[in-house]
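What follows is one structure encoded as structure tokens, with my remarks underneath.
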Amino acid sequence: MFKYFAAYRKEWLILIRDPAGLVLLFLMPMVMVVILSMVQEFGWSTISREPQVPVLFVNTDQDSVGNKFQQGLTEAKIFTLISQLDSVPVTREVARQKVLEGEYQIAVVIPERTSERIRAKIRLLVNKTMTSLMMPDQNFLAGVTNTDSVEVIIYFDPAVRNSFRNAFLSSTREFNSKIESRMIFETFQDELRKLFPGFNMPVIDYEPSVYFKEIFPSGVEEEILPSTTQHNVPSWAIFAMFFIVVPLTSSIIKEREEGSLIRLMTIPVTYMTIFMAKVGVYLFVCFIQFLLMVLAGIYVLPLFNMPPLEVGANYLAIAIMTIVSSLAALGYGILLGTLSKTHQQAAAFGSVSIVVLAAMGGLWVPVYLMGSFMRHLATFSPLNWAHAGFLDIFLRGSSLMDVFPEIIKLLSFFAVTITIAAIYRTLKPPIST
Amino acid sequence: MTEESIIGIRDLTKYYKGADEPAIDHISLGIFKDEIFGFLGPNGAGKTTTISILCGLFPPTKGKVTIDGLDIRLNHEKIKHIIGIVPQEVALYHTLTGLENLQFFGNMYGLKGKALKERIGEYLVRFGLEKFARKQVSTYSGGMKRRVNLIAGLLHKPRILFLDEPTVGIDVQSRNVILEFLHELQETGTTIIYTSHYMEEAEKLCNRVAIIDQGKIIAIGNPKELVALNPEFKNLETMFLHLTGKGLRD
Ligand SMILES: Nc1ncnc2c1ncn2[C@@H]1O[C@H](COP(=O)(O)OP(=O)(O)OP(=O)(O)O)[C@@H](O)[C@H]1O
Ligand SMILES: [Mg+2]
């Protein structure tokens with residue numbers, strides 16, 4: 001234990017000998033969180049606020065469905081519908097071509113006779129219902145079905161962001177169901193009028209009875225609607241936290257290059273002691289880094305008109321999650337530093353692998369939007385475990401027990417990586433032989 | 001000096017990875033307790049390789065080393081406590097001060113507190129470094145770095161001390177201090193294994209020397225006796241040049 005503290009002291013002295021480096025170590029992640037959150041926030045605003053997304057609209061239906069669609073998209077106030085190019089009506093083929101070339105991001109095609117076909121389908125449905133209602137014994141229409149479904153075609157530029165595509169699809173789906181229910185209702189009215197010519201149904205403006213209210217449940221009393229901040233800050237903070245591998249590997253390789261490690265090989269002290277001393281010092285660094293990033297999320301982001309980060313109230317869980325996430329990052333750094341031959345190797349592989357693990361772990365594109373293979377892959381990324389743990393605590397108000405699986409996974413990752421590093425170093429001396 | 005081997009070297013051979021020629025080639029010898037033993041040889045002779053294996057830094061390709069009767073591969077941890085090493089290359093933390101380096105390495109040997117402080121202070125004065133103790137090693141001259149490097153290896157008063165070219169790049173004044181110091185250590189019961197290519201220095205300092213070239217021992221014995229045995233050579237250096245040839249080495 002005495003040797004551990006002596007090694008800790010040495011590591012600490014080396015770290016503070018470079019005050020400029022230390023300041024950068026603390027400031028850079030903070031700056032990164034603020035800037036990148038801003039980029040994402042304002043990137044998102046373009047979609048949700050500016051009514052300037054051009055959409056090619058091909059209405060070959062020219063009947064109620066096509067017209068309602070047109071009306072709906074226009075009323076959504078996000079899109080500018082374009083039906084003519086150089087005063088020539090856009091055809092389906094032209095629309096496809098323009099999107100393919102990337103000139104337009106979205107094209108919507110309402111095929112011919114769409115309204116007619118929907119109406120036919122509805123009429124059949126209504127007739128069937130009425131018949132069984134009036135003449136239960138003469139169920140002659142029972143066998144008649146109409147599975148002729150109608151396709152509204154939407155072309156997306158492959159470069160369109162996922163979030164944008166989802167926003168578009170969900171809004172079209174919404175008013176599509178409105179249109180359809182309205183048509184069903186009208187057809188019923190028509191049929192009823194035919195049966196009871198005297199009957200005058202009041203004109204009812206049908207509004208859907210089922211609305212979807214988006215609620216994001218959390219264990220905390222009031223429900224927090226997750227803002228972009230809520231998603232972005234933890235992602236970037238974990239990403240930045242794992243970048244500790246760069247200074248850490250550099251410290252390990254420098255110790256080797258300066259020859260001190262060779263001297264240590266002839267001294268009665270284990271590599272584990274030396275490694276753990278580094279972990280101790282850098283854990284402190286990670287903790288402060290994370291604290292600063294969270295504080296930036298809470299106090300700096302609102303200065304830029306962004307919602308502040310809400311961290312819930314479970315400070316103990318946050319602290320423990322921070323420690324175990326840092327340990328995972330540090331174990332990875334120790335292993336990389338031990339395995340890499342040069343600073344260049346370590347820095348290049350270290351940073352690229354963290355970007356990969358972050359992307360893979362769903363830090364930037366939520367895991368639920370990924371394909372099943374990627375979703376499976378995500379569960380192997382330590383950044384994913386850390387991210388999941390923090391989101392649970394911040395958004396769902398989870399307790400320490402709820403994030404226990406993540407804690408165990410992160411701790412195991414640390415134990416495994418640092419043990420492999422120590423064994424490797426013991427078996428293979430830090431000089432070429 | 002008792003004629004009892006504290007280090008036994010048998011049939012030691014080392015091929016570095018991918019090398020066709022051995023760096024050391026079937027070396028066998030014994031080093032006696034409390035003697036100063038010198039490995040002399042031109043560049044690339046295999047001095048550093050030999051010392052590294054003796055300290056247990058890496059295993060030989062073939063052969064066996066015992067220290068104090070213990071096989072070094074099997075008892076490395078035990079042996080670490082009784083040996084000290086001063087590597088050829090300066091092995092220090094460059095952003096720490098000389099004092100901090102010495103404190104750290106002393107601590108790693110389990111030394112602490114006042115005893116350690118006093119010993120470091122004593123050595124710093126002895127090697128003329130007390131004024132620089134609180135400056136970062138990166139600001140030291142080459143000779144100063146080498147002196148701190150030396151102290152770091154003997155702070156714990158090892159019974160066996162390995163020094164790989166400890167006097168290279170050091171001025172005459174400091175060199176004399178070091179040689180005098182090594183003599184004193186020997187008197188207090190330290191076995192010293194040392195490498196050099198300064199023949200004159202070795203002649204004065206060593207009880208015995210082994211002249212190695214291309215990984216092989218080509219002469220071994222007391223330097224004065226070696227010269228006496230070959231009266232055609234005035235001193236160790238002319239004999240050395242004769243034995244190893246005048247061509248340049250890698
Ligand atoms: N790490 C290594 N990998 C491969 N070959 C090596 C390595 N270290 C030394 N050698 C080779 O082994 C031979 C002996 O080298 P060694 O360093 O033991 O010589 P030396 O006597 O200490 O030389 P010097 O006086 O220059 O320090 C040389 O031919 C050298 O090229
Ligand atoms: Mg050498």
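Limited to region B:45-56, what total is found for residues that are open to solvent by 10 Å² or more (accessible area, probe 1.4 Å) and either away from ligand 2 (no atom under 16 Å from the Cβ) or without any contact (Cβ under 8 Å) to a residue 24 or more places away in the chain (or both)?
The number of residues fulfilling the criteria is 1.
Quick check on my filter: what residues within region B:187-209 are surrounded by fewer than 18 Cβ atoms within 10 Å (Cβ to Cβ) and hydroxyl-bearing (Ser, Thr, Tyr)?
Result: B:THR188, B:TYR198.
Quick one: how many residues across region B:101-131 are closer than 20 Å to B:LYS145 by Cβ, within 14 Å of chain A (Cβ to nearest Cβ) and open to solvent by 30 Å² or more (accessible area, probe 1.4 Å)?
Summing the residues that are closer than 20 Å to B:LYS145 by Cβ, within 14 Å of chain A (Cβ to nearest Cβ) and open to solvent by 30 Å² or more (accessible area, probe 1.4 Å) in region B:101-131 gives 1.
For region B:192-234: of the residues being touching a residue at least 24 places away in the same chain (Cβ under 8 Å) and assigned to a loop (DSSP other than H, G, I, E, B), which is farthest from ligand 1 (Cβ to nearest atom)?
Ranking the candidates gives B:ASN207 first.
If you check B:LEU92 against the conditions, is it modelled with pLDDT of 95 or more, out of contact with any strand residue (DSSP E or B) (no Cβ under 6 Å at 6 or more places or on another chain), surrounded by 22 or more Cβ atoms within 10 Å (Cβ to Cβ) and facing chain A (nearest Cβ under 7 Å)?
Yes, satisfied.
Quick one: which of A:GLU103, A:GLU116 is out of contact with any Leu (no Cβ under 7 Å at 6 or more places or on another chain) and assigned to a loop (DSSP other than H, G, I, E, B)?
A:GLU103
State whether the residues of region B:215-222 include one that is touching a helix residue (DSSP H, G or I) at 6+ places or on another chain (Cβ under 7 Å) and at pLDDT 85 or above.
For region B:215-222, residues touching a helix residue (DSSP H, G or I) at 6+ places or on another chain (Cβ under 7 Å) and at pLDDT 85 or above: present.
Restricted to region A:403-429, and to residues that are more than 38 Å from the chain's Cα centre (by Cα) and surrounded by fewer than 20 Cβ atoms within 10 Å (Cβ to Cβ), which residue is nearest to A:SER325 (Cα to Cα)?
Among those that are more than 38 Å from the chain's Cα centre (by Cα) and surrounded by fewer than 20 Cβ atoms within 10 Å (Cβ to Cβ), it is A:THR426.
When you go through A:ALA120, A:ALA107 one by one, which is the residue that is in the same structural domain as A:ASP190 (by TED's automatic domain parsing) and modelled with pLDDT under 85?
Being in the same structural domain as A:ASP190 (by TED's automatic domain parsing) and modelled with pLDDT under 85 holds for just one of A:ALA120, A:ALA107, which is A:ALA120.
Limited to region A:11-21, what total is found for residues that are out of contact with any Phe, Trp or Tyr (no Cβ under 9 Å at 6 or more places or on another chain), assigned to a helix (DSSP H, G or I) and open to solvent by 30 Å² or more (accessible area, probe 1.4 Å)?
The total comes to 3.
Would you confirm, using the coordinates I've provided, whether A:TYR271 is more than 30 Å from B:ILE79 (Cβ to Cβ) and of a type in the set (Ser, Thr, Tyr)?
No.
Might you let me know whether region A:390-402 holds any residue that is over 16 Å from the mean Cα position of the chain (by Cα), open to solvent by less than 30 Å² (accessible area, probe 1.4 Å) and modelled with pLDDT under 85?
Yes.
Mind checking whether some residue in region B:51-58 is within 16 Å of ligand 1 (Cβ to nearest atom), away from chain A (no Cβ under 14 Å) and closer than 13 Å to B:ILE7 by Cβ?
For region B:51-58, residues within 16 Å of ligand 1 (Cβ to nearest atom), away from chain A (no Cβ under 14 Å) and closer than 13 Å to B:ILE7 by Cβ: absent.
For region B:1-44, give me each residue that is within 22 Å of B:LYS224 (Cα to Cα) and open to solvent by less than 10 Å² (accessible area, probe 1.4 Å).
B:ILE31, B:GLU35, B:ILE36, B:PHE37, B:GLY38, B:PHE39, B:LEU40, B:GLY41 - these are the residues of region B:1-44 that are within 22 Å of B:LYS224 (Cα to Cα) and open to solvent by less than 10 Å² (accessible area, probe 1.4 Å).
I need a count of the residues in region B:59-79 that are within 14 Å of chain A (Cβ to nearest Cβ), crowded, with 17+ Cβ neighbours inside 10 Å and either among the polar types (S, T, N, Q) or not in a strand (DSSP E or B) (or both).
Number of matching residues: 4.
The values are calculated or read from the model by the stated rules, or taken from the named source; none is laboratory data. Every value quoted in this text rests on a predicted model; they were computed, and no experiment measured them. We place every Cβ from the backbone using ideal geometry, glycine too, and count neighbours over all the protein chains shown. Remember, those area values only see protein heavy atoms, side chains included, never the ligands or the DNA or RNA. Shrake-Rupley method; radii C 1.70, N 1.55, O 1.52, S 1.80 Å.
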